[in-house]
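The structure appears right after this line, and notes come after that.
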Amino acid sequence: MSHEADVRQRLEERERLLSPFAARSYQSRGRERPEEPSPLRTEFQRDRDRIIHCKAFRRLKHKTQVFIAPVGDHFVTRLTHTLEVAQVARTIARALNLNEDLAEAIALGHDLGHPPFGHAGEEALAELLPQGFRHAEQSLRVVERLENGGRGLNLTWEVRDGIVNSSKGRKDILAETLGLPATLEGQVVRLADAVAYINHDIADAVRAGILTEDELPAGVSEALGRGHSQRIDALVTDIVDHSWAATGLVASEAPPRIGMGPSVQKAANALREFLFQRVYLWEDRQGEMERAKRVVRFLFEYYVERPGEIDSDFLIASDPPWRQAADYVAGMTDLFALNTAARLGFREQGP
């Protein structure tokens, strides 16, 4: 006697115990193409598994977070960043009695469309494409259209919404100018992303000799503590405390949002701006950044002129050459982009 159907039903029953504001897989707005439900997994668990097994997810291990093709073994990559975001998101979702499976799926998919060379690669493509370029929108394109030979992963609406609305503006970590996820789980991932990169980018910068812990803004250390673990603990604890209405355990006149307290929000924004000034856009790294942007421009322009040379199943045949070139270049890892550019005749020049 098979008990497979009982497994999913039992998992869905557990979801009924979540906060009244949590997303429930059996109430999902569904997929673009209807499918028979899995006997062993909820819809959000199924999405998580599809993301983990897709090609774009595997390539994250060779894509840079901040430092371009770093030599050391301990620098953060897009893959390790993604795993950290998923861990932080699950911790927050669990504390607020939200849907951990949805938060995890969104976290694992939020950077699938990030191009090589971190911020430099994204800036280069944004300058080249007629409609600009945002990695969150490209991540959505990856899961909707590019994976599976053009069929996409057919994820649920809630996961796709969380992926495309995962970006934040530079000035304010809570700004909604780039969109706000419809689910609280998506909002959790949006902040978990910042919690992860703020902390590991500091660690990478210290490891690279760009700055020391003592150089961090004094107000930040007072609000968040000193050291990697203290800062993460302070940020996560504050997010849970300030978002407690999401649990449904306290009365709230307005629909709950995932946020931060004013003092921690101010410290997080100050720390992000410090990283922009001292790490992401630091003058001494401009030569490295410009080289990366030149590689991306060279590859994009090369394949716009020669779309027939694109050797990839991440390709929509009916798309114009600029779109095909953008999809191909955005999917490249750092070393593949560098090696391909060299093979095609890219020549170094002054910054």
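Descriptive notes on the structure:
- Listed conditions (1) surrounded by 19 or more Cβ atoms within 10 Å (Cβ to Cβ); (2) farther than 22 Å from R33 by Cα are all met by V164, apart from (2).
- Looking across the stretch 46-66, the residues that are hydrophobic (A, V, I, L, M, F, W, C) and either more than 30 Å from V279 (Cα to Cα) or outside any loop (DSSP other than H, G, I, E, B) (or both) come down to I51, I52, C54, A56, F57, L60.
- Condition broken by F21, with the remaining ones in (1) at pLDDT 95 or above; (2) in a helix (DSSP H, G or I) satisfied: (2)
- Reported count of residues in the stretch 208-234, each being assigned to a helix (DSSP H, G or I), farther than 18 Å from I92 by Cα and among the charged types (D, E, K, R), is 4.
- Within the stretch 130-144, restricting attention to residues that are more than 20 Å from A196 (Cα to Cα) and out of contact with any Lys or Arg (no Cβ under 8 Å at 6 or more places or on another chain), the residue that is surrounded by the fewest Cβ atoms within 10 Å (Cβ to Cβ) is P130.
- Looking across L271, L235, one residue alone is over 30 Å from E127 (Cα atoms), surrounded by 19 or more Cβ atoms within 10 Å (Cβ to Cβ) and either in contact (Cβ under 8 Å) with a residue 24 or more places away in the chain or over 21 Å from the mean Cα position of the chain (by Cα) (or both). It is L235.
- For beta carbons closer than 7 Å, sequence separation of 6+ or different chains, a first residue in the stretch 181-203 that is farther than 21 Å from T247 by Cα and a second that is basic (K, R) and in a loop (DSSP other than H, G, I, E, B), the qualifying pairs are A194/K168.
- Taken over the stretch 124-157, residues that are assigned to a helix (DSSP H, G or I) and under 17 Å from W322 (Cβ atoms) amount to 10.
- Candidates G259, G227 - the one that is closer than 29 Å to L98 by Cα and in contact (Cβ under 8 Å) with a residue 60 or more places away in the chain: G259
- Cβ-Cβ contacts under 8 Å between residues 6 or more apart (or on different chains), taken from a first residue in the stretch 298-322 that is within 16 Å of A342 (Cα to Cα) and touching a residue at least 40 places away in the same chain (Cβ under 8 Å) to a second residue that is in a helix (DSSP H, G or I) and polar (S, T, N, Q), are listed as L299/T340.
- Taking the criterion of being over 19 Å from Q138 (Cα atoms) and crowded, with 20+ Cβ neighbours inside 10 Å, the only residue of the stretch 299-339 that qualifies is L338.
- Restricting the first member to the stretch 123-146 and to residues that are closer than 20 Å to A292 by Cα, and the second to residues that are among the charged types (D, E, K, R), the beta-carbon pairs closer than 6 Å and six or more apart or on different chains are A124/K293; A124/R297; H135/E122.
The values are calculated or read from the model by the stated rules, or taken from the named source; none is laboratory data. Predicted model only: the values in this text are computed from it and were never measured. Glycine also receives a Cβ, built like all others from the backbone with ideal geometry; neighbour counts cover every protein chain displayed.
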